Amino acid sequence: MDKTAEGWEDAPEIVGAAGVCVVVPAFNEERTIQHVIGELREAGLRRVVVIDDGSQDATALLAALAGAEVVRHVLNRGLGAALGTGIHAALVRGAEVIVTCDADGQHAATDVRRALEPVMNGDADVVLGSRLLGAGHMPWQRRVANRIANVCTRALCGMWTTDSQSGLRVFSRKAAERLELECDGMEVSSVIAGEIARHGLRCVEVPIRSIYTEYSLSKGQSFRVGLRTLRKLLLKKAIGAGR
Amino acid sequence: MRPSQILLDTLLLLALLATIGKYRERRIRPVEAGLWSGIWLTGIVLVTLPDATTVLARVLGIGRGVDVVIYLSVPVGFYLVFRLYEKIERVNHDLTKIVRHLALEARAPAARGTGVASSREPGAQ
């Protein structure tokens, strides 16, 4: 994470007081998890819940040592399942605003704080961080894959966003309570977009930078995973139509 | 009746009896029992009276009786694969619910104080 773009001297007062809870789904992220939590906490986001999705490395221990609360899945269930657990955990703990953030260090803490503003000001129910609106150097392969994912999300889930696969999202409590994430895998990002459309939630996109490292690129969606995600979305749609 | 017909009919009859047995033990629902029994009975009729497929083929405008069986088996196969996928998805979803419940509710004594909500040590397989 990068904190050089702007300061956050007032962060604890603004962010900490409003019951903001950051949910970080993590699977075998021992290389980055402490850094990610450290940057979030330094930015005033004190309540961090890491969902360790059945990691086989020291992710859970390192996250706990960094000051996060850790909720562990005994089995690896996928991103959608981890996000569902995390949002549920945050709601149970009384969070008024819930942030989801990737564990691979690709989001800047400054962007997380900026993304919070529309929800905290009451201007939106949901904020989606958009890497394609922000100044960044997304590799062209990712850019193309993202565009395809956006079109598929629009066609299958009924909502257009400029970055449907972004991991940085902010939900008001009201919005989080309405989400029905009946999916376990990567398709959750598109499903969330569908839920926003289905419930008519007020959604805004905020430009964010993506910090690409060799590590974060290796952890991202591959073309094969993208195809599997599309297949799952199509079958989910078919099953839904058949009911 | 040819030996191949006797063999196939015997196998299909065994499958039918197995379906009835599962239904009696309440391991399958009435709808499933009806569907599978229908498939096995149709198979028995077609094996015993192969000319019946030829009649059906003429009615449908398909050349040979065996082609009718192939054409019909493709959509039936797709449907069964789809139902199987649906069932796997349901089982997967139920598994996630169990894992989520364990994660949110079960806190091992050793984990308390560290914030780790699991009985498993990090790094354990």
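The values are calculated or read from the model by the stated rules, or taken from the named source; none is laboratory data. Keep in mind the model is a prediction, meaning the values are calculated, not measured. Here the Cβ is made from the backbone with ideal geometry for all residues, glycine too, and neighbour counts use every protein chain on show.
Selection of segment A:127-152 for residues being surrounded by 16 or more Cβ atoms within 10 Å (Cβ to Cβ) and without any contact (Cβ under 8 Å) to a residue 60 or more places away in the chain yields A:Leu132, A:Asn146, A:Asn150. With respect to being more than 11 Å from chain A (Cβ to nearest Cβ), over 16 Å from B:Thr42 (Cβ atoms) and at pLDDT 80 or above, B:Leu80 falls outside the description. Candidates are the residues of segment A:170-190 that are within 21 Å of A:Leu91 (Cβ to Cβ) and in contact with a Gly (Cβ under 7 Å, 6 or more places away or on another chain); the one that is surrounded by the fewest Cβ atoms within 10 Å (Cβ to Cβ) is A:Leu181. Looking across segment A:46-61, the residues that are within 8 Å of another protein chain (Cβ to nearest Cβ) and under 17 Å from A:Cys101 (Cα atoms) come down to A:Ile51, A:Asp52, A:Thr59, A:Ala60.
In this entry, B:Tyr23 is excluded by the filter for residues that are under 16 Å from the mean Cα position of the chain (by Cα) and modelled with pLDDT under 85.
For the residues B:Ile70, B:Ile98, B:Ile88, the requirement of being of a type in the set (Val, Ile, Thr), within 11 Å of chain A (Cβ to nearest Cβ), within 26 Å of B:Ala15 (Cα to Cα) and without any contact (Cβ under 8 Å) to a residue 60 or more places away in the chain singles out B:Ile88.
Selection of segment A:143-190 for residues being in contact with a helix residue (DSSP H, G or I) (Cβ under 8 Å, 6 or more places away or on another chain) and of a type in the set (Lys, Arg) yields A:Arg169, A:Arg173, A:Arg178.
Looking across A:Gly67, A:Gly78, A:Gly94, one residue alone is within 25 Å of A:Glu182 (Cα to Cα) and within 14 Å of another protein chain (Cβ to nearest Cβ). It is A:Gly78. Is there a residue being closer than 25 Å to A:Lys236 by Cβ and either in contact with a Pro (Cβ under 7 Å, 6 or more places away or on another chain) or surrounded by 23 or more Cβ atoms within 10 Å (Cβ to Cβ) (or both) anywhere in segment A:109-126? Scanning segment A:109-126, I find at least one residue that is closer than 25 Å to A:Lys236 by Cβ and either in contact with a Pro (Cβ under 7 Å, 6 or more places away or on another chain) or surrounded by 23 or more Cβ atoms within 10 Å (Cβ to Cβ) (or both), so the answer is yes. Restricting A:Arg72, A:Arg93 to residues that are in contact (Cβ under 8 Å) with a residue 24 or more places away in the chain and of a type in the set (Lys, Arg) narrows the list to A:Arg93.
Restricting attention to segment B:22-74, the residues that are under 15 Å from B:Gln5 (Cα atoms) and surrounded by 12 or more Cβ atoms within 10 Å (Cβ to Cβ) total 14. Scanning segment A:177-209 for residues that are outside any helix (DSSP H, G or I) and either under 16 Å from B:Arg100 (Cβ atoms) or of a type in the set (Phe, Trp, Tyr) (or both) yields A:Leu179, A:Glu180, A:Leu181, A:Glu182, A:Cys183, A:Asp184, A:Gly185.
Within segment A:209-227, the presence of at least one residue that is at pLDDT 85 or above and either farther than 30 Å from A:Gly19 by Cβ or away from every other protein chain (no Cβ under 14 Å) (or both) is confirmed. Residues in segment A:33-40 include none that are at pLDDT 50 or above, touching a Leu at 6+ places or on another chain (Cβ under 9 Å) and assigned to a strand (DSSP E or B).
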